[in-house]
Amino acid sequence: GTVAVAQKRVSSKQRRLSLSEYRDTYLQVPKITDRKPVFVSGEVRDRLDEVVRRLGGRGMSASGFVENLARLHLEAYREDIEQWRKL
């Protein structure tokens with residue numbers, strides 16, 4: 001989980017992960033207590049569903065995948081976002 005965040009911080013191009021690292025980082029079922037809807041395009045949704053179906057385990061969903069992506073992104077860029085907010 002969080003250990004991967006530090007490694008993930010690579011300019012605009014993300015470091016490529018092995019399948020097991022990818023699964024550990026993005027395809028673990030997150031705990032979501034206060035659910036709110038977020039909309040994505042049909043094309044993106046289809047691609048997310050395909051990744052989850054092929055690579056995710058039991059209980060994993062496109063919503064969980066998006067939650068993990070967003071959490072990791074926000075954590076990786078937390079300091080930058082704080083700085084940019086002040087501009």
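If I ask for residues that are part of a loop (DSSP other than H, G, I, E, B), at pLDDT below 95 and hydrophobic (A, V, I, L, M, F, W, C), which ones from the range 1-37 would you list?
Val10, Leu17, Ile32
Taking interchain pairs and intrachain pairs at least six residues apart, which have beta carbon atoms under 9 angstrom, with the first residue in the range 64-83 and under 18 Å from Asp34 (Cβ atoms) and the second among the polar types (S, T, N, Q) and at pLDDT below 95?
Correct list of pairs: Asn68/Thr25.
Scan the range 38-51 for residues that are outside any loop (DSSP other than H, G, I, E, B) and over 13 Å from Ser63 (Cα atoms) and jot them down.
Gly42, Glu43
Out of the residues in the range 19-47 meeting the condition of being closer than 15 Å to Phe65 by Cβ and β-branched (Val, Ile, Thr), tell me which one is surrounded by the most Cβ atoms within 10 Å (Cβ to Cβ).
In this case the residue turns out to be Thr25.
Within the range 38-63, can you find the residues that are within 17 Å of Leu19 (Cα to Cα) and aliphatic (A, V, I, L, M)?
Matches in the range 38-63: Leu48, Val51, Val52, Leu55, Met60.
Are any residues in the range 60-87 assigned to a loop (DSSP other than H, G, I, E, B) and either at pLDDT 95 or above or in contact with a helix residue (DSSP H, G or I) (Cβ under 7 Å, 6 or more places away or on another chain) (or both), and if so, which ones?
Passing the criteria: Met60, Ser61.
The values are calculated or read from the model by the stated rules, or taken from the named source; none is laboratory data. Owing to the predicted nature of the structure, the values given are computational and were not obtained by experimental measurement. Backbone-built Cβ (ideal geometry, glycine too); neighbour counts: all protein chains shown.
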